[in-house]
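The values are calculated or read from the model by the stated rules, or taken from the named source; none is laboratory data. Note that the structure is a prediction, hence the values are computed from the model and not measured. Neighbour counts are summed over all protein chains in view; Cβ atoms, including those assigned to glycine, are modelled from backbone coordinates with ideal geometry.
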């Protein structure tokens with residue numbers, strides 16, 4: 001029997017989403033893309049436990065890039081670091097207004113200076129040097145202000161340190177791949193998808209949104 005999706009290859013796998021047997025190629029390439037696989041699917045579960053080699057290599061590369069930024073941070077700062085990656089992805093813009101890694105570095109650096117100044121009791125906004133960077137910085141700061149509301153004054157110092165780490169990681173990515181102007185942004189997008197980042201505006205009302213990394217395999221022990 002031919003696969004009902006490609007009408008070319010032999011159907012050999014029972015697909016609970018389609019309700020019929022499909023071929024292994026369609027199962028592997030259209031899973032969670034064109035086919036809404038239920039969590040009960042054995043093939044989906046197997047792919048999560050044993051991802052393809054290319055995915056494993058990408059995860060290893062992402063970890064090697066992020067690990068220096070996480071090293072030595074307390075657990076709350078690690079969580080804030082990873083949450084910041086989801087915000088970078090959220091406020092990256094699109095089309096002609098899409099940010100580049102240079103914009104991300106500019107936004108992170110300006111915000112780090114702003115929060116570092118606030119940690120010393122002085123209110124002064126440092127501005128990024130491009131429109132996409134300023135848009136990103138404003139979006140991240142709005143969320144950080146929600147997170148810091150009602151928390152100890154030390155949150156500003158936490159934010160400054162995390163943002164400095166982010167700026168350094170972005171610059172490292174730019175140095176490793178100067179021909180790829182959005183390498184770090186793509187990494188942030190992969191992290192956001194793995195952490196199940198909420199849609200824009202979906203930050204919990206209590207402000208406890210800086211811990212999406214709980215249980216994530218992206219943090220090294």
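Only residues that are outside any loop (DSSP other than H, G, I, E, B) and closer than 12 Å to residue 157 by Cβ: list them for segment 98-128, please. Within segment 98-128, 112, 115, 116, 117, 118, 119 meet the criteria. Among the residues of segment 63-70, not a single one is without any contact (Cβ under 8 Å) to a residue 12 or more places away in the chain and surrounded by 12 or more Cβ atoms within 10 Å (Cβ to Cβ). Test residue 80 against the criterion of being within 22 Å of the chain's Cα centre (by Cα) and buried (at least 20 other Cβ atoms within 10 Å of the Cβ), and give yes or no. In short, yes.
Filtered by the rule that a residue be free of Cβ contacts under 8 Å to residues at least 60 places away in the same chain and within 12 Å of residue 108 (Cβ to Cβ), segment 145-169 gives 160, 164. The single condition from (1) assigned to a loop (DSSP other than H, G, I, E, B); (2) over 20 Å from residue 66 (Cα atoms) that residue 133 fails is (1). From the list 98, 119, the one residue that fits, being surrounded by 16 or more Cβ atoms within 10 Å (Cβ to Cβ), more than 15 Å from residue 191 (Cα to Cα) and in contact (Cβ under 8 Å) with a residue 12 or more places away in the chain, is 119.
Matching residues to (1) crowded, with 17+ Cβ neighbours inside 10 Å; (2) in contact (Cβ under 8 Å) with a residue 60 or more places away in the chain; (3) in contact with a strand residue (DSSP E or B) (Cβ under 7 Å, 6 or more places away or on another chain):
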position: 5; (1), (2), (3): yes, no, yes
position: 16; (1), (2), (3): no, no, no
position: 22; (1), (2), (3): yes, no, yes
position: 30; (1), (2), (3): yes, no, no
position: 33; (1), (2), (3): no, no, no
position: 36; (1), (2), (3): no, no, no
position: 40; (1), (2), (3): no, no, no
position: 48; (1), (2), (3): no, no, no
position: 55; (1), (2), (3): no, no, no
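Just to be sure before I move on: is residue 174 free of Cβ contacts under 8 Å to residues at least 60 places away in the same chain, in contact with a helix residue (DSSP H, G or I) (Cβ under 6 Å, 6 or more places away or on another chain), in the same structural domain as residue 84 (by TED's automatic domain parsing) and closer than 22 Å to residue 70 by Cα in the structure I sent? Spelling it out, it is not the case that residue 174 is free of Cβ contacts under 8 Å to residues at least 60 places away in the same chain, in contact with a helix residue (DSSP H, G or I) (Cβ under 6 Å, 6 or more places away or on another chain), in the same structural domain as residue 84 (by TED's automatic domain parsing) and closer than 22 Å to residue 70 by Cα. Filtered by the rule that a residue be in a strand (DSSP E or B) and within 19 Å of residue 1 (Cα to Cα), segment 12-52 gives 13, 14, 15, 20, 21, 22.
Could you list all residues from segment 71-87 that are free of Cβ contacts under 8 Å to residues at least 12 places away in the same chain and in a helix (DSSP H, G or I)? Of everything in segment 71-87, just one residue is free of Cβ contacts under 8 Å to residues at least 12 places away in the same chain and in a helix (DSSP H, G or I), namely 75.
Evaluate segment 189-210: report whether one residue or more is under 21 Å from residue 71 (Cβ atoms), in a loop (DSSP other than H, G, I, E, B) and at pLDDT below 90. Yes; the residues of segment 189-210 include at least one that is under 21 Å from residue 71 (Cβ atoms), in a loop (DSSP other than H, G, I, E, B) and at pLDDT below 90.
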